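Take a look at the structure below.
The values are calculated or read from the model by the stated rules, or taken from the named source; none is laboratory data. Note that this is a predicted model, so its numbers are computed, not measured. No Cβ is skipped: glycine too gets one built from the backbone with ideal geometry, and neighbour counts run over all protein chains shown. Note: areas computed on protein heavy atoms with side chains; ligands, DNA, RNA excluded. Shrake-Rupley method; radii C 1.70, N 1.55, O 1.52, S 1.80 Å.
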Amino acid sequence: MTRHAVLYQAAALCLAYPDDEFHERLPLLRAAAPAGLDGFLTHAETTEPRELAAHYVRVFDFKNRHSLYLSWWRDGDTRRRGMALVRFKEVYREHGMEFTGEELPDFLPAVLEFSAHAGPVLLQEHRSGLELLRIALTDFGTPYAAVLDAVCATLPGPSPKDRAEAQALARSGPPREDVGLQPFALIGERSS
């Protein structure tokens, strides 16, 4: 397993809900994980399990700005997102894997596990979303930001350009669904 593959697998475990299995794996994660995950692992080891779980929920379950679903960053809650999810499944199949998880195929921990085996193709395709998530987590002040820092550092390409693009997208937010709404705007314009 390559150095990046180990990081992707470890990051997948770090970004999953911190249940009992996560806490059982912490010593293994500490032994195997690259240095970029030290800050998060120290936080996980020194935080009471209930508080770590509550923090995870505060960070990821209540804020779309911290979405772990990569297609959300590009397509938001629009019809286009369905096609993006199909693309994720197609990439899994192209690499001899069938996605059978309980989550959607764009769930970052699942994509990281896939990347540990097949390479970062999906991470590269969704780099701007990863950068948006990294920035959002950094701004929120959560130790989970270190996990995204480590993942983004493995990807090729000019980070400043990606970061600028990510910040521009963050300011405008995810796309809105406008399909089928134009006739209503025209009706409203006629009546005014």
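Restricting to the stretch 94-116, name every residue that is in contact with a Phe, Trp or Tyr (Cβ under 8 Å, 6 or more places away or on another chain), charged (D, E, K, R) and either assigned to a helix (DSSP H, G or I) or buried (at least 18 other Cβ atoms within 10 Å of the Cβ) (or both). Residues satisfying the conditions are Asp106, Glu113.
Against the definition (open to solvent by 40 Å² or more (accessible area, probe 1.4 Å), closer than 21 Å to Thr154 by Cβ and in a helix (DSSP H, G or I)), how does Glu51 come out, yes or no? No: the conditions fail for Glu51. Of all residues in the stretch 31-53, those that are at pLDDT below 95 have Cβ atoms under 8 Å from Cβ atoms of residues that are open to solvent by 80 Å² or more (accessible area, probe 1.4 Å) and assigned to a helix (DSSP H, G or I), 6 or more apart or on another chain, in Pro34/Arg3; Gly36/Ala153.
Answer yes or no: is there a residue in the stretch 5-22 that is charged (D, E, K, R) and either on the phi > 0 side of the Ramachandran plot or touching a Leu at 6+ places or on another chain (Cβ under 8 Å) (or both).
Checked against the condition, which is being charged (D, E, K, R) and either on the phi > 0 side of the Ramachandran plot or touching a Leu at 6+ places or on another chain (Cβ under 8 Å) (or both), the stretch 5-22 yields no hits at all.
Of everything in the stretch 7-35 that is small (Gly, Ala, Ser) and assigned to a helix (DSSP H, G or I), the residue that is farthest from Leu123 (Cα to Cα) is Ala31.
Out of curiosity, is Ala116 within 30 Å of Thr47 (Cα to Cα) and touching a His at 6+ places or on another chain (Cβ under 7 Å)?
no
Would you point out the residue of the stretch 78-93, among those that are over 20 Å from Ala12 (Cα atoms) and of a type outside the set (Lys, Arg), that is most open to solvent (accessible area, probe 1.4 Å)? The extreme case among them is Met83. Taking the criterion of being touching a helix residue (DSSP H, G or I) at 6+ places or on another chain (Cβ under 9 Å), in a loop (DSSP other than H, G, I, E, B) and within 23 Å of Val147 (Cβ to Cβ), the residues of the stretch 54-84 that qualify are Lys63, Ser67, Leu68.
None of Asp139, Asp75 is surrounded by 19 or more Cβ atoms within 10 Å (Cβ to Cβ), of a type in the set (Asp, Glu) and more than 18 Å from Tyr8 (Cα to Cα) except Asp75.
Does Leu70 fit the bill of being among the aliphatic types (A, V, I, L, M), within 22 Å of Leu104 (Cα to Cα) and either in contact with a Lys or Arg (Cβ under 8 Å, 6 or more places away or on another chain) or touching a residue at least 60 places away in the same chain (Cβ under 8 Å) (or both)?
Yes; evaluated as a whole, the condition is true for this residue.
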